[in-house]
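*Asks:* Following this message is one structure expressed as structure tokens.
The values are calculated or read from the model by the stated rules, or taken from the named source; none is laboratory data. Because the structure is predicted, anything quoted here is derived from the model rather than measured. Glycine gets a Cβ as well: all are built from the backbone with ideal geometry, and neighbour counts include every protein chain shown. All accessible areas refer to the heavy atoms of the entire protein, side chains included, with ligands and DNA or RNA removed. Shrake-Rupley method; radii C 1.70, N 1.55, O 1.52, S 1.80 Å.
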Amino acid sequence: MSEIRYDETQLNKLYRREAGIWAFRVLELVPEGIVVQLPKAFGENKTTEIPLSPKTKAFYKVGDYADIALKYTVSGGVSHSFQARYIGPTPPQFIPINGENISKI
């Protein structure tokens, strides 16, 4: 496997926040990509599939973290739609030490 290269936006805490990058724990590998948990604004234990190429998906196993830029709106305390863009593997310094499924830092 080749060396992991990170986007500059992934390596700076301020840039991560401005870009809406979250670290998501990979819950499952599926033929089309990975499955991650959505924030609680979508309801308890809601998940979504993030499509990835087979080459990119090969970097992951269940329990790894992926950086995803997530944008959504909340109405009445619940979100009904969102946009998610895969960025890359989460840099080690941004992997949650407490094992959370989602980290916004």
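*Asks:* Out of the residues in region 48-59 that are assigned to a strand (DSSP E or B) and surrounded by 15 or more Cβ atoms within 10 Å (Cβ to Cβ), state the one that is modelled with the highest pLDDT.
*Replies:* Here the answer is ILE50.
*Asks:* Separate question: When ILE95 is evaluated against the numbered criteria (1) more than 18 Å from TYR6 (Cβ to Cβ); (2) in contact with a strand residue (DSSP E or B) (Cβ under 7 Å, 6 or more places away or on another chain), which criterion, by number, is the only one it fails?
*Replies:* Exception for ILE95: condition (1).
*Asks:* Can you pull out every residue in region 88-98 that is closer than 11 Å to TYR65 by Cβ and either open to solvent by 30 Å² or more (accessible area, probe 1.4 Å) or touching a Leu at 6+ places or on another chain (Cβ under 8 Å) (or both)?
*Replies:* Within region 88-98, PRO91, PRO92, ILE95 qualify.
*Asks:* Hey, can you tell me all the residues within region 18-46 that are surrounded by fewer than 15 Cβ atoms within 10 Å (Cβ to Cβ) and either of a type in the set (S, T, N, Q) or in a strand (DSSP E or B) (or both)?
*Replies:* Listed by number, the residues that qualify are GLU28, VAL30, ASN45.
*Asks:* Output the number of residues of region 6-17 satisfying the condition of being open to solvent by 10 Å² or more (accessible area, probe 1.4 Å) and in contact (Cβ under 8 Å) with a residue 24 or more places away in the chain.
*Replies:* 6
*Asks:* Given (1) over 21 Å from ARG5 (Cα atoms); (2) crowded, with 17+ Cβ neighbours inside 10 Å, where does TYR72 come up short, assuming only one miss?
*Replies:* (2)
*Asks:* Within region 60-99, which residues are at negative phi, assigned to a loop (DSSP other than H, G, I, E, B), out of contact with any helix residue (DSSP H, G or I) (no Cβ under 8 Å at 6 or more places or on another chain) and modelled with pLDDT of 90 or more?
*Replies:* TYR60, LYS61, VAL62, ASP64, ILE95, PRO96
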